[in-house]
Structure formats: C-alpha cells, structure tokens
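Below is one structure, written out as structure tokens, with a few remarks after it.
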Amino acid sequence: MDRRSLLFLPALLTAAPLAAQTPPALSDADRAALTRIEAYFNAMTTLRARFLQIAQGGGAAEGTAWIWRPGRMRFEYDPPEPTLLIAADGQFFHYDRQLRQPTIVPLSSTPLSVLLRNPLRLSGDITVAGLERSGGLLRVTVHRTGQAAEGQIQLVLEEQPMALRQWVVLDPQGRSTRVTLTQAQTGERFDPFLFAFNDPRFREELEQQR
C-alpha cells in the first residue's frame, strides 16, 4: 500500500487545509453521550485487537494494535507491509523495516493523540465537529480546537455496551483512512518494552529482525 496514506503519519501540509466549520449545537442527549464516551476511554487501561486499515484510494493492510492508556500505542503491520508505528513519551515513532528508516514527530501532531489523552475530555482544547447516532453506534468527529487544518478523527463506538470498533482519520488534504478493530481484548498486561523505541536495545532488536 502507499505508505504516505498511513493514518497515523502527520500530514505534510503541502495541500490546501480543511475548510473551517462551525461546530454543531449539542443537545442534552448529545452531551450525555459525550460524557459516556469520555468515561469509557478514561476507564480503559489496555486494549489489544486485530485491525484492518483501508485507505481512500483502496489500499488495505492488516495487523495487530496495542493501546495502553494513557500515552502508549503500537501498530504492527502484517508482512509484507514493513511499517511499525509506536506512540510513547509524547512522541510518535514511524519505522520502515524495509528502508531501516525511523521518523519521530510530536504525538500531539497526529489526530490519534486524542485516544491517548489523560484524561480524555471532548471539550476545551478538543472540538466536537459532529455527533451521529444510528444502528446502535455512536460516531463522534473531533479535532484539536483551532487546529482543524491538522485533520480530524471520527471515533465509532458501540453504545451497548460501550466499545471502540472503528475510527476514520481525515487528513488535511481531505483523504480518509478507516481502521476497523476485531478480536478486541481489554485489561491485559503488556510488556513496556513493546513501546520503548527510545531504548537502544529496542533499535538493536529491530535491526536483528531483518
């Protein structure tokens, strides 16, 4: 797949930014739904799942995701896709195993940083750009307040019981990438080394995997 379409990479902002939109007025029911979503994420410790990522252009990839709130995330793609993505310590690490090329950017520059906030609050410096409810699902679209040009993320959750099932990232060029989670497991213990990309031993292990 086209690695430049990977949902986590910060946009290169070389195209026109997303048009500014006025946030919708929220009803009492909407606010109650947002409160439930906040409570769900703030109670989450760990989540491991298989994922299917589909880019707007049709490229697809699968892999395993680890989310360890707050602040840590790992996305390991199945071969032949050589990409490894890790968030930790306020940084976002993108590693291409084929090129042996690492890139590190601030985690805050990626839309998925919303998932790792502690606590998660869907207000203040986060703007809710849309909220939909249909078919037992809640879809909430958010972006950093005043930074809509960075991109947006839509979180898709089952209402009963509340569970994260999917998200869609819209980048500044208007391209979307959809990630669907399956076989999700919560509350497991993870090895911290999975997220330790600043540890020299971690880089050595990556090199040994080639």
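Over segment 121-210, Cα pairs under 8 Å with separation of 6+ residues give a relative contact order of 15 percent. The gain in end-to-end length when the residue 121 to residue 103 segment is fully stretched comes to 3.6 nm, 0.36 nm per residue minus the alpha carbon separation. The rule of thumb for compact globular proteins, 2.2 N^0.38 Å, goes into the C-alpha radius of gyration of segment 99-189 1.18 times.
For P(r) over Cα pairs in 10 Å bins from 0, in percent, computed directly from the structure shown, the correct entry in (1) 8, 32, 30, 20, 9, 2, 0; (2) 8, 34, 38, 16, 3, 0; (3) 8, 28, 30, 20, 9, 3, 1 is (2). Each label point was placed 7 Å from the Cα along the Cα-to-Cβ direction; for residue 96 and residue 190 their separation is 2.5 nm.
Across 37, 104, 86, mean-square fluctuation computed from a Gaussian network of the chain (C-alpha pairs under 10 Å connected) peaks at 104. Shown in residue order for segment 139-145 are the 3J(HN,Hα) couplings computed by the Karplus curve 6.51 cos²θ - 1.76 cosθ + 1.60 at θ = phi - 60°: 10, 10, 9, 9, 8, 5, 4 Hz (x for Gly and Pro). Spatially, segment 46-116 and segment 130-184 are offset by 16 Å when compared through their Cα centroids. The charge dipole of the chain, taken about its Cα centre with unit charges on the Cβ atoms of Lys, Arg (+1), Asp and Glu (-1) only, comes to about 60 debye. Sort segment 169-210 into rounded, prolate or oblate with this rule: let a ≥ b ≥ c be the square roots of the eigenvalues of the Cα gyration tensor; rounded if a/c is under 1.5, and if a/c is not under 1.5, prolate when a/b is larger than b/c, oblate otherwise. It is oblate, given that a/c is not under 1.5 and a/b is not larger than b/c. The HN-Hα couplings worked out from phi for segment 159-165 by the Karplus form 6.51 cos²θ - 1.76 cosθ + 1.60 (θ = phi - 60°) are 7, 9, x, 4, 7, 6, 10 Hz, whole numbers, x standing for Gly and Pro. Backbone geometry of segment 77-89 corresponds, through the Karplus equation with coefficients 6.51, -1.76 and 1.60 at θ = phi - 60°, to 3J(HN,Hα) couplings of 8, 5, x, x, 5, x, 8, 10, 10, 9, 10, 5, 6 Hz, x marking Gly and Pro. The label point for residue 56 and the one for residue 207, both projected 7 Å from the Cα toward the Cβ, are 3.9 nm apart. Which one of 52, 26, 122 has the biggest mean-square fluctuation once the chain is modelled by GNM with Cα springs under 10 Å? Largest GNM mean-square fluctuation: 26.
Result for the chain in a Gaussian network model with C-alpha springs under 10 Å: among 93, 190, 75, the largest mean-square fluctuation is at 190.
Each reported figure results from applying straightforward, stated rules to the coordinates on display, with no laboratory input. Small disclaimer: the values here were computed from a predicted structure and weren't measured. So basically every Cβ, Gly included, is an ideal-geometry build from the backbone, and we count neighbours across all protein chains shown.
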